Amino acid sequence: MPSGVIAAAFAPAGRRYHPHLQPPTTPTRRLRQPLRRGAARARRYTEEVPRAALSASVGVFIAALLAFIAIGAALPVLPVFVRGPLHASNLAVGVVVGAFSVTSVFCRPLAGRLADRRGRRVVLVAGALAMSLGGLLYLFAHTVATLLIARLVVGIGEGSLYTAGATWAVDLAPEGRQGLALGLFGLAVWGGLSLGPLAGELLHSAFGYDAVWALTAALPFAGAVIAACMREPAAALRAGPRARLALFPREARRPGAALALANVGYAALAGFVVLDLRAHGVAGGASVFTAFAVAVFASRVVLSPLPDRVGARATATGAALFEALGLGIIALAGSLSAALAGALIVGVGFAMLFPSLALMVVGGVGEERRGSALGAFTAFFDIGVGLGAPLAGATAALAGYSAVFILGALAALGTAALVAFSASPRLATPLAAGASERH
C-alpha cells in the first residue's frame, strides 16, 4: 500500500475540492489524483519531522510490526496445537487463545505510568523481550497449563509494547500530526495481524509447530534490538506525582462495554474459524483470518473520516450491524469462499467500531481526562477478548462451531443496541474534525 494513500487517509479534514470547479477527468485520472495528493501530504509530513525523529518513527513502526506478526502467526496454530498434540477440549482452546488478554489488560495502565517516568524505550524493549520469552516458552509447552503460562507472558509483553509504542509514536510526531502518527502505528498492528496468520500456517505446514514458536520468539527479539538502538526525545522522560483518576471513568463505560461485546466475535473468529472449516472438510482456514485483518487494515485507511462526517453513533451502529452480518455468514458457510466473504464484512465493521467508539469517549470528556478515559476504553478490548474466548470455547463444546459465530453475531447486535440507544444526544451528530484521530 503506498505511503501516500495511508497519509491521505489520516490527513486533516476540511481540504475539499468543489466538484463544479474541477475539469472533466478520466477514470484513470480520478484514481491517480488521490494517490498524488496522498503522496504530497506524505512528503510534507516527512519534511516536518527531523531526520532523527523520522528514523525513530520508522523504528517504532517496524518493532510493532514484527511483534504483531509474531502474535498473528500463533493465532491459527494454537487451536490446532491444543486439540492435537495436547489432546485438550474446545473450552481449553478458548482459554488459551484469550489468556494473554488477562495480563495485557492489567499491564496497559502500569506500562503507561512507567513509560512516563522511565521513558518509552525501556518499556517498549522490555515488552518486546517479554513477548520473545513467551515465544520460547511455547517450545517447552507440553500441557495446557504450561501453554497458558506462555500466553500470559506474551500478554505482559504485548500490553507494555503497545502502550509504550503508541505513546512514543505521538512524542515523535510534529505538532498537529499526532493523529496521523497513531493511525500509522495502528496500521503496524493490523499489518502484522494480516501477515502473521499466513506465515504461521505456512511454517506449520512445512516445518511443524516448533518452527512457528521459534518465529514468535525471534521477531519480537529483533524488534527489541531495533528499539534499543533508537533515541527518544528528552520530552518523553517525565517524572513527578500523577493526579488520581478513576480507573474506569463513566464516559468510557458504555462505549467500552460495546467494544467488549464486539470482541466476542473477534475471539470467535481468531479461535474457531480454522476448526469450523476443518469440520466441514475445508482447508485454508488461516486465510480467512488474514482476509479479516486485511479488511480491517484497508478500512482504517479508506473509511477513517466516516465517524467525523456522519457521526460517531451512526458509524458505530452501522459497523456493529456489519460485524453481525459477517459473523452470520461465517456461521452458515460451508465453503472457503463464503467464509472469506463473511470475514471481509466482519473486518469492515470491526475496523470502524474502534475509532467511532473512541470518538464517543473523546466527545464526552474534557482534555484533562482524555488520556484516562481512552486508557480505560482500550482496556475493554482485552476484557472482551479475555471473557469472549472462553465463552466461545464453552459454546463450541456445547453446541458446535457454528454456534460460536452465532453467539458473536448476537453480541455484535448487543453492541449496536448499546450504541444506538446511548443517552447522550450530541453523540449522534458529527463531532469536530480530527477528534477521532487521537485514538
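Just wondering, is there one or more residues in the range 368-378 that are at pLDDT 80 or above and part of a helix (DSSP H, G or I)?
So far as the range 368-378 goes, no, none of its residues is at pLDDT 80 or above and part of a helix (DSSP H, G or I).
Can you run down the residue pairs with Cβ atoms below 7 Å, 6 or more apart or on separate chains, where the first is in the range 397-418 and in contact (Cβ under 8 Å) with a residue 12 or more places away in the chain and the partner is assigned to a helix (DSSP H, G or I) and aromatic (Phe, Trp, Tyr)?
Here the result reads Tyr401/Phe272; Val404/Phe272, each pair linking the range 397-418 to a residue that is assigned to a helix (DSSP H, G or I) and aromatic (Phe, Trp, Tyr).
To keep it simple, each residue is scored yes or no on (1) at pLDDT 70 or above; (2) more than 30 Å from Tyr266 (Cα to Cα); (3) in a loop (DSSP other than H, G, I, E, B).
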position: Ala53; (1), (2), (3): no, yes, no
position: Ala56; (1), (2), (3): yes, yes, no
position: Ala64; (1), (2), (3): yes, no, no
position: Ile71; (1), (2), (3): yes, no, no
position: Val97; (1), (2), (3): yes, no, no
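(1) at pLDDT below 50; (2) in contact with a Gly (Cβ under 8 Å, 6 or more places away or on another chain): which one isn't true of Leu31, the others all being true?
(2)
Can you find, within the range 302-317, the residue that is nearest to the chain's Cα centre (by Cα) among those that are crowded, with 20+ Cβ neighbours inside 10 Å and part of a helix (DSSP H, G or I)?
Ranking the candidates gives Ala316 first.
Which one of the conditions (1) hydrophobic (A, V, I, L, M, F, W, C); (2) more than 20 Å from the chain's Cα centre (by Cα); (3) assigned to a helix (DSSP H, G or I) does Leu321 fail to meet, given that it meets all the rest?
(2)
The values are calculated or read from the model by the stated rules, or taken from the named source; none is laboratory data. Everything numeric here is computed off the predicted structure, so don't read it as measured data. Glycine gets a Cβ as well: all are built from the backbone with ideal geometry, and neighbour counts include every protein chain shown.
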